[in-house]
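Here is the structure we will look at, set down as structure tokens.
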Amino acid sequence: MTAEHRDPEASGLRVAMIGHGFMGAAHSVGWRQAPAVFDLPVRPHMAVVVGRNAEATAAAAEKWGWDEAANDWREVVARDDIDIVDIVTPGDSHAQIAIAALEAGKHVLCEKPLANTVAEAEAMTDAATAAAAEGVRAMVGFTYRRVPAVTFMRDLIAAGKVGRVQQVRAAYRQDWLVDPQMPLAWRLQKERAGSGALGDIGAHIIDMTQFVTGLSIDRVSGVLDTIVKERPLLGSGSGLSGTAAEGYGEVTVDDVAVFTGRLESGALASFEATRFATGRKNGLTIEVSGDQGALAFELEDLNTLQFYDRTAPGEVQGFTRILVTEPQHPYVSAWWPAGHMLGYEHGFVHQVKDLVEGIVAGEDPHPTFAEGLAVQRVLAAVEESSQNGSAWVGTGAGTSEEEEQ
């Protein structure tokens, strides 16, 4: 019996998570907490977690509350008792797993970025479109959309609080690679990760910009740089005692991405994604300026939103700090009394809520694979611009795909 023939109201939605580690932990918290906090129409059940290392996967299952551990994702995807496949593996396996799961009639949640290439993302989106005709849903995990302050920012912009959007400034700054002795992890290998800071954290600010403004990024111009070009291989110690040939490997992705975007409305946006911003741990910021006001958000102060009302009398104009913890704010009513803070993990709980509600309602939950593909095209255009020294590269998102000179 495939997922589309199961009765979720009778049996619940049984979830298989492929991969674990950091993202697996965050997703596990989401699956575990969502049915306890929200009045979901169907309860998700943490059935099985899948990983290549039997011992590590069993430990993850025990720690995070999965019923069982398994080591072959193909066998798990084919099981009749699995309804949702949650993909938290490196990007090089996203397309293969997601397409197989969708063709097997399973709903799919896939971590961002959707894939490593535009071609893979297109194939995934085609599979999701075909599956949707059979009632199967697919969603990509741009979780920062579900921070209440970010969703509220989107709502305020849609309500016209900033007027016509004139400029966007977005950045995601981290510093975990400043030490040149940090080992060569999979995120630093193009064949596994697809790209570096650009795809890993730049994808977030691309999606967030399009989400909060409701505007697509039409074309981009940018540059990528790799600051530390070789790093110690995993398992080679600090690398201080080895030679480059024996103990080091090449970094094949970018460390820094800086680019400009032109929105479909004509407004300009500037973006920075870096793992070399010394002192910045998880510094995602976005500011949207309009002709009637402005809004600013900072992830390291994720319960607040800054609002500037240009229509207010001059003597009282200034940025106002909004504490986004009231029951009227998105998602907040299910949590704590007003003024009590939410944290990083809550976005993953909200993600589960939206996915489950979409599945039961028979509606595509956002962001869809098509939205993930749109981000993938922006990533590819930035990379092409950097490689070719092009002034502008079109993303194919709007009507104006021609390069500007």
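The values are calculated or read from the model by the stated rules, or taken from the named source; none is laboratory data. Only a predicted model underlies this, so the values are computations on that prediction, with no experimental measurement involved. Quick reminder, even Gly has a Cβ in these numbers, built from the backbone with ideal geometry, and neighbours come from all protein chains shown. Heavy atoms of the whole protein, side chains included, go into the accessibility calculation; ligands, DNA and RNA do not. Shrake-Rupley method; radii C 1.70, N 1.55, O 1.52, S 1.80 Å.
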Exercise for the section: Exactly one condition in (1) under 20 Å from residue 351 (Cα atoms); (2) part of a helix (DSSP H, G or I); (3) at pLDDT 95 or above is not met by residue 57; state its number. Expected result: (1)
Practice task
Please work out if residue 290 is open to solvent by less than 60 Å² (accessible area, probe 1.4 Å) and over 18 Å from the mean Cα position of the chain (by Cα).
Solution key: yes
Exercise for the section: Within region 193-207, identify whether any single residue is open to solvent by 20 Å² or more (accessible area, probe 1.4 Å), farther than 23 Å from residue 287 by Cβ, touching a helix residue (DSSP H, G or I) at 6+ places or on another chain (Cβ under 6 Å) and not in a loop (DSSP other than H, G, I, E, B), and answer yes or no. Expected result: no
Practice task
May I ask you to list pairs of residues, at least six apart or on different chains, whose Cβ atoms are under 9 Å apart, with the first in region 19-46 being closer than 9 Å to residue 349 by Cβ and among the polar types (S, T, N, Q) and the second being modelled with pLDDT of 95 or more and surrounded by fewer than 18 Cβ atoms within 10 Å (Cβ to Cβ)?
Solution key: 33/345
Problem - Hits in region 378-391 (condition: surrounded by fewer than 21 Cβ atoms within 10 Å (Cβ to Cβ) and either in a helix (DSSP H, G or I) or among the basic types (Lys, Arg) (or both)) - result: 384, 387, 388
Practice task
Note down all Cβ pairs under 9 Å where the first residue falls in region 354-375 and is touching a residue at least 24 places away in the same chain (Cβ under 8 Å) and crowded, with 20+ Cβ neighbours inside 10 Å, the second is of a type in the set (Ser, Thr, Tyr) and part of a loop (DSSP other than H, G, I, E, B), and they're at least six residues apart or on different chains.
Solution key: 374/216; 374/395
Completion exercise
Given the conditions (1) at negative phi; (2) in contact with a helix residue (DSSP H, G or I) (Cβ under 9 Å, 6 or more places away or on another chain), every one holds for residue 65 apart from (1)
Handout entry: Output for region 129-160, where each listed residue is in a helix (DSSP H, G or I), open to solvent by less than 20 Å² (accessible area, probe 1.4 Å) and among the hydrophobic types (A, V, I, L, M, F, W, C)
Key = 131, 149, 150, 153, 157
Handout entry: Residue ID - most open to solvent (accessible area, probe 1.4 Å), chosen from residues in region 75-120 that are among the acidic types (Asp, Glu) and more than 18 Å from the chain's Cα centre (by Cα)
Key = 103
Problem - residue 278 modelled with pLDDT of 95 or more, surrounded by 16 or more Cβ atoms within 10 Å (Cβ to Cβ) and among the hydroxyl-bearing types (Ser, Thr, Tyr) - result: no
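Working carefully through the options 310, 377, 321, find the one that is touching a helix residue (DSSP H, G or I) at 6+ places or on another chain (Cβ under 7 Å), at pLDDT 95 or above and not aromatic (Phe, Trp, Tyr). Full working, then the answer.
On the way: 310 fails: touching a helix residue (DSSP H, G or I) at 6+ places or on another chain (Cβ under 7 Å); 321 fails: touching a helix residue (DSSP H, G or I) at 6+ places or on another chain (Cβ under 7 Å).
377 is the lone residue from the list that is touching a helix residue (DSSP H, G or I) at 6+ places or on another chain (Cβ under 7 Å), at pLDDT 95 or above and not aromatic (Phe, Trp, Tyr).
Kindly indicate which of 85, 48 is among the β-branched types (Val, Ile, Thr), within 25 Å of residue 191 (Cβ to Cβ) and not in a helix (DSSP H, G or I).
Details: 48 fails: within 25 Å of residue 191 (Cβ to Cβ).
Step by step, each of 85, 48 is checked, and only 85 is among the β-branched types (Val, Ile, Thr), within 25 Å of residue 191 (Cβ to Cβ) and not in a helix (DSSP H, G or I).
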Problem - Flag if residue 184 is in a loop (DSSP other than H, G, I, E, B) and touching a Phe, Trp or Tyr at 6+ places or on another chain (Cβ under 7 Å) - result: no
Practice task
Hey, can you tell me all the residues within region 164-188 that are without any contact (Cβ under 8 Å) to a residue 60 or more places away in the chain, polar (S, T, N, Q) and within 20 Å of residue 202 (Cβ to Cβ)?
Solution key: none
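Yes or no, residue by residue, for (1) outside the structural domain of residue 171 (by TED's automatic domain parsing); (2) of a type in the set (A, V, I, L, M); (3) under 30 Å from residue 31 (Cβ atoms):
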{"position": "294", "(1), (2), (3)": "no, yes, no"}
{"position": "304", "(1), (2), (3)": "no, no, yes"}
{"position": "333", "(1), (2), (3)": "no, no, yes"}
{"position": "336", "(1), (2), (3)": "no, no, yes"}
{"position": "342", "(1), (2), (3)": "no, yes, yes"}
{"position": "348", "(1), (2), (3)": "no, no, yes"}
{"position": "353", "(1), (2), (3)": "no, no, yes"}
{"position": "381", "(1), (2), (3)": "no, yes, no"}
{"position": "389", "(1), (2), (3)": "no, no, no"}
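Among the residues of region 112-122, are any in contact with a helix residue (DSSP H, G or I) (Cβ under 7 Å, 6 or more places away or on another chain), on the phi > 0 side of the Ramachandran plot and of a type outside the set (Ser, Thr, Tyr)?
no
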Problem - Residue among 21, 30, 12, 51 that alone is open to solvent by 40 Å² or more (accessible area, probe 1.4 Å) and of a type in the set (Gly, Ala, Ser) - result: 21
Handout entry: Tally, over region 63-74, of residues that are open to solvent by less than 40 Å² (accessible area, probe 1.4 Å) and closer than 17 Å to residue 44 by Cβ
Key = 1
Exercise for the section: Please name all residue pairs, on different chains or six or more residues apart, with Cβ atoms under 6 Å, provided the first residue is in region 136-163 and is among the polar types (S, T, N, Q) and the second residue is outside any loop (DSSP other than H, G, I, E, B). Expected result: 143/347; 143/348; 143/351
